[in-house]
1. Per residue, how many Å² of accessible area does the chain show with a 1.4 Å probe?
2. In region 249-316, which GluC sites (Glu not before Pro) fall in coil by DSSP and have 13 or fewer other Cβ atoms within 10 Å?
3. How much length is gained if the chain between VAL457 and ASN516 is pulled fully straight, taking 0.36 nm per residue apart and subtracting their Cα-Cα distance, in nm to one decimal?
4. What nm value, rounded to one decimal, do you get for the distance between SER345 and LEU52 when each label is placed 7 Å out toward the C-beta?
5. Hey, any idea what the orientation-averaged projected area of the convex hull of the chain's Cα atoms comes to, in nm²?
6. Got the relative contact order for region 213-285 handy, in percent, Cα pairs under 8 Å and 6 or more residues apart?
7. If you average the alpha carbon positions of region 38-83 and of region 362-415, how far apart do those two centres end up, in angstrom?
8. Taking the dipole about the Cα centre of the chain, with the C-beta of Lys and Arg at +1 and of Asp and Glu at -1, give me whichever of GLN331, ALA164, LEU14 is farthest to the positive side.
Amino acid sequence: METNHHPDVIQRVLQLLRQWGWDSAPQHIKPDAHDRDDRLDQLVCEYFEGSLKAARGEYTQAMQHYSELTHIPSLAGWAHVGLAFVCTRSRDLRAAEEHLRQAEFCADCDDVLRATLLLLRGTLMFHGGNAALALEPLEASLTLFGPDHFRRGHALDALGMWYAAHDDFQSALEFLRQAIEHKTASGDDTGLAVTHGQLGRLYLDWGQYDLSEHHFRADLEIARRVGDARGEAQMYNFLGNVSFAKRDFESASAYLDHSIHMSCQGKWRVLEAFARKDRALCHLAENQLDSAEVQLQHSSEIFQQTAFDEGLAHVQRATGILFRKREHWQQSETALRQSMRWFESAGELTQQVCTQTEIARTLASSGTPRPLVRDSIIEALKLAENSRRPHLVQEVDAELMAIDPDAARRHIYRRVRGQRIDQDSTSLMNAELDHVSVMFFDLQGFTAWSRVTAPEVVMLCLNQMMAAFLEPTARHEVQVIEYMGDGFLALTRGQSHAQRCVQVAIELHKALNEFNRPRRILGLSEFTCRIGISTGEVVLGNVGTFDKIDFRAVGTTVNLAARLQNEAVPGMPCIAQATHDAVKQFFQFSNSRPRNVTLKGIGEVQCWDVLVDSDQHRH
């Protein structure tokens, strides 16, 4: 690069960077600039040589190029962004973070550069084990880019990845769909490939293989059109994964062999290692054990050389399967448990399900007593249920049914009845009187929204919301005993039941606000709720016939909670006087006196509205 930096060239480079960024700007420079006599256009192209080298995986050369640009004051901030991007691609996250810090102190840090820094910082946090802290910078980057900036689609991608990693399928899907729309409108072909790849991975992770294949093929088509050989090799790997999931081992092997070949040519070591690991799984499925061992050895060596622990955990699981097929039971279990420890430490719930299932299979194959095998499968089943992925639950259900049909039926019965409902009796005559707190929860505006929304989106939204409510209800030992359209009835029993019930109601309001968080960003409908709570005696027992039995609570206390829910102010739980008497020292209320309401079938009663956002709750 020439040392005499012409001001017109620098200005043009800055304009391109602010509009497109390092990775996308080269495709927007005049394509014939290298062949023209216009020296200024040629110099502009030279500033983006680092981007082209990074795209080809030539990270050392790209780093040298960007390092030279740090000496140009008006480009220094962007140069450090380029260095941070390359460090991220080469998995040197600590160095990437240092370059971002340096970029912040550069004189040219305008809103677009600041948005780019926030996007990269959030991405680094996400990949570096601080995912919980990544959401705010990612959201801030989206806001700074605004609705029309070219790189808005990249921020939408990152937020989609964040919600996918947090098992929020619907929010992830919405972010990625909007990314597709934005990138299509912006003509961002390279970015479209990235988003199609993310959608493919999302659908693959949730067992929707046809949709996954559709998006991987769309990514592959773009990669081939723009000459992205690395992206092409990666898509062959993912298409191999889809074919493997569909039990089409012949197609999977063909895809993976091609991915290995291209990765070797391009020297993309980690990509090669994953493809070899997946190819080994195909060999194992077809009982080609020696071939599987060769691929696993190659894969393990690469992951060790690149210090890629996640890859090694995947190899250990595949090695455990290999040992099992060779009837080396102890080695199999050891390898699988080593793999399990890494996935547990990383919080990789889906991988924990798969690994625990393999542990159970090894125990079954080695002749371990059936009760221990059953317990191992049930452990995998609980993990699958926590992951909320139907295809995983179905797969482990089938494993349990094959080992212990009675245990499988009992588990399904508990799932239908309610995991935290202790009464297992099927009697229609027995009943119990108990002093409890009853909560009615009802969404506002959901029914009207559902009329104009696709059915699958309605159910995705509702079930994702209910999943968000599971943690606080479980932590405070609140039993949801009945789902009713867009609401539910719950009981709180035992010591301090009124206090725990009101505390859960507060946390449900906050959880709903957090559920609305991505919807606010995406411009989607937000939801509010009304909650009514009463305290008193209820009759507990089974209601129905032997065609259909439900565990229910009946009585005036239940009716009062239902009526108070109708009187609740959205955003504030409405509690009965008896509940207030039990909890008044723990919470704050909207007024110092109760309000009088007339309830159908009950008459005039007094009720209290609990403040949700008060800092003076005593838990």
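The values are calculated or read from the model by the stated rules, or taken from the named source; none is laboratory data. In this text the structure is predicted, and so the values were computed from the model without any measurement. For neighbour counting, all protein chains shown are included, and Cβ atoms are generated from backbone atoms with ideal geometry for every residue, glycine included. Protein only, heavy atoms only, side chains kept; ligands, DNA and RNA dropped before computing areas. Shrake-Rupley method; radii C 1.70, N 1.55, O 1.52, S 1.80 Å.
1. Values: 28650 Å² over 619 residues.
The answer is 46 Å² per residue.
2. Answer in residue order: GLU286.
3. Value of the extension gain: 19.7 nm.
4. 4.3 nm
5. 32.6 nm²
6. 28 percent
7. So the separation of the two Cα centres works out to 55 Å.
8. GLN331
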